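The structure appears right after this line, and notes come after that.
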Amino acid sequence: MKIFVLNAGSSSLKYQLIDPLTKDILAVGICERIGIDGSFLSHKTRDKQIKIEQAFPTHKDAIDLVLKSLTSGEAKVIDSVNEIDAIGHRVVHGGEYFDKSVLVNDKVIEQIEELLPLAPLHNPANLMGIKVVQELMPGKPNVAVFDTAFHQTMPPKTFLYATPYEDYEDFKLRKYGFHGTSHYYVSNEAIKMLGNKKESKVIVCHLGNGSSICAVKNGKSIDTSMGLTPLEGLVMGTRSGDIDPAAIEYLMQKKGFDIGEAINYLNKKSGLLGVSGVSSDLREILEASDAGNKRAKDAIDLVSTRLKKYICAYAGVLGGVDAICFTAGIGENANIIREKTCEELEFLGVEFCKNKNDKRSSEAREISSSKSKTKVFVIPTNEEFVIAHDTYNLIK
Ligand code: AMP
């Protein structure tokens, strides 16, 4: 069984060829700078890594090159695209239409098209990926896996915004949440690590370039920090997260922004990058902070404190917490962020173990003491595996 997992962005395209039954990754790669000068493909198999510098003006050219690299040349892993059983597509926004992954048909495409105004930065590229694959691999089943689907179990008391109710009824203005595939995978692994506890209360902190936190009760999302768009919530690489909406008007006056420029500023120039003035990459900020850069230190404190506030709020929403989980680039690797976030959480039953936290590992592991009432776990996320697995389940 071979599933081609595709994550099509506006100017890049990530892919994996996975056997969902063995979790075996046959190939993984990325096309960067689609439609821009200097485009290239990085393609990796178990024992080969290649880089092809070639112009690909469109997503179709890029996917065409990926399929060629999978089936020919020095890093080929299959003889023909016929060996691919199905394609799993990451789709960012599924609105209220999709609470689980679906086989793509004309109606699904229409519904994703209807959702374009809710995710103008992401869904158009995801949809383009689906359409190009339908053209290049006719007859193969395509499955759409939505970032929002896992959060469709949130109740109105956590998904509503407190504007007039008609805004929800007429325009579907509400919190949707993102990173659902990761929150699902990590919470599921955490429940296993809790010995398949029947009634479980888990908090997942997905901390990468984009970050969000999710309260998971008995395996279901009941609250999450991202909202109508991925801008809400935690402090991220370049996104501000929560901010007083009136601050936007103030910024517009002071900086002469129109509304589009102001939102772009909060999405692309803020967060770790804006506060530190160093980078959006935490590794560089940690280095700068160690060298005495105050803004870098403030950025680190701000990220951890915002996260701590959300953890405490979600413990309240859940009515307790069995496990706090860290995942994604920062969550899996940045021991200092985990330590700062968990400082003074003893009142929540957390007995943090600095020794375990400081040990590097790529395995899922506990970083609280063995006596800790509330467990703290680091669990590497695996969104591609969930996409491959959902795709397999829908085609089998
Ligand atoms: P992601 O979006 O999940 O790839 O995560 C990207 C973020 O993870 C960036 O801010 C990186 O700086 C951060 N990151 C990756 N590796 C490390 C590391 N070893 N230590 C600290 N931060 C890291």
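Take the conditions (1) part of a loop (DSSP other than H, G, I, E, B); (2) over 23 Å from residue 392 (Cβ atoms); (3) not basic (Lys, Arg); residue 64 misses just one of them, which is (1). What residue, among those in region 27-41 that are among the small types (Gly, Ala, Ser) and closer than 20 Å to residue 385 by Cβ, is nearest to the chain's Cα centre (by Cα)? Within region 27-41, the match that is nearest to the chain's Cα centre (by Cα) is 29. Of all residues in region 166-224, those satisfying the criterion of being assigned to a loop (DSSP other than H, G, I, E, B) and either in contact with a His (Cβ under 6 Å, 6 or more places away or on another chain) or closer than 20 Å to residue 115 by Cα (or both) are 172, 173, 174, 175, 176, 177, 178, 179. The sole residue among 145, 133 that is in a helix (DSSP H, G or I) and surrounded by 15 or more Cβ atoms within 10 Å (Cβ to Cβ) is 133. Tallying residues that are of a type in the set (A, V, I, L, M, F, W, C) and in contact (Cβ under 8 Å) with a residue 40 or more places away in the chain within region 333-366 yields 4.
A count restricted to region 24-51 and to residues that are in contact (Cβ under 8 Å) with a residue 24 or more places away in the chain and loosely packed, with under 13 Cβ neighbours inside 10 Å stands at 2.
Okay, residues lined up against (1) modelled with pLDDT of 95 or more; (2) touching a Ser or Thr at 6+ places or on another chain (Cβ under 7 Å); (3) among the aliphatic types (A, V, I, L, M):
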{"position": "122", "(1), (2), (3)": "no, no, no"}
{"position": "135", "(1), (2), (3)": "yes, no, no"}
{"position": "140", "(1), (2), (3)": "yes, no, no"}
{"position": "148", "(1), (2), (3)": "yes, no, no"}
{"position": "155", "(1), (2), (3)": "yes, no, no"}
{"position": "159", "(1), (2), (3)": "yes, no, no"}
{"position": "164", "(1), (2), (3)": "yes, no, no"}
{"position": "168", "(1), (2), (3)": "yes, no, no"}
{"position": "177", "(1), (2), (3)": "yes, yes, no"}
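Applying the condition of being outside any strand (DSSP E or B) and among the small types (Gly, Ala, Ser) to region 67-94 and asking which residue is surrounded by the fewest Cβ atoms within 10 Å (Cβ to Cβ) yields 80.
Among residues of region 181-203 that are within 19 Å of residue 315 (Cα to Cα), those with a Cβ under 6 angstrom from a residue that is of a type outside the set (A, V, I, L, M, F, W, C) and part of a helix (DSSP H, G or I), sequence gap 6+ or separate chain, pair up as 202/187; 203/314. Listed by position, the helices (runs of 4 or more DSSP H) contained in region 271-384 that have at least 1 residues being surrounded by 20 or more Cβ atoms within 10 Å (Cβ to Cβ) and within 11 Å of the ligand (Cβ to nearest atom) are 271-276, 282-290, 294-318, 328-333, 335-342.
The rows are residues; the columns are (1) under 15 Å from the mean Cα position of the chain (by Cα); (2) on the phi < 0 side of the Ramachandran plot; (3) surrounded by fewer than 19 Cβ atoms within 10 Å (Cβ to Cβ).
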{"residue": "195", "(1), (2), (3)": "no, no, yes"}
{"residue": "198", "(1), (2), (3)": "no, yes, yes"}
{"residue": "202", "(1), (2), (3)": "no, yes, no"}
{"residue": "205", "(1), (2), (3)": "yes, yes, no"}
{"residue": "210", "(1), (2), (3)": "yes, yes, no"}
{"residue": "213", "(1), (2), (3)": "yes, yes, no"}
{"residue": "226", "(1), (2), (3)": "yes, yes, no"}
{"residue": "230", "(1), (2), (3)": "yes, yes, no"}
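Scanning region 1-45 for residues that are part of a loop (DSSP other than H, G, I, E, B) and closer than 16 Å to residue 143 by Cα gives 1, 2, 20.
Pairs are defined by a Cβ separation below 8 Å, a sequence spacing of at least 6 or placement on different chains, a first member in region 233-260 that is over 24 Å from residue 301 (Cα atoms) and away from the ligand (no atom under 16 Å from the Cβ), and a second member that is part of a loop (DSSP other than H, G, I, E, B) and modelled with pLDDT of 95 or more; the pairs so defined are 252/258. Per this entry, residue 278 is not counted among residues that are in contact with a strand residue (DSSP E or B) (Cβ under 7 Å, 6 or more places away or on another chain) and either among the β-branched types (Val, Ile, Thr) or modelled with pLDDT under 95 (or both).
The values are calculated or read from the model by the stated rules, or taken from the named source; none is laboratory data. Bear in mind the structure is a predicted one, so any value in this text is a computation, not a measurement. Positions of Cβ are backbone-derived with ideal geometry, glycine not excepted, and every protein chain shown enters the neighbour counts.
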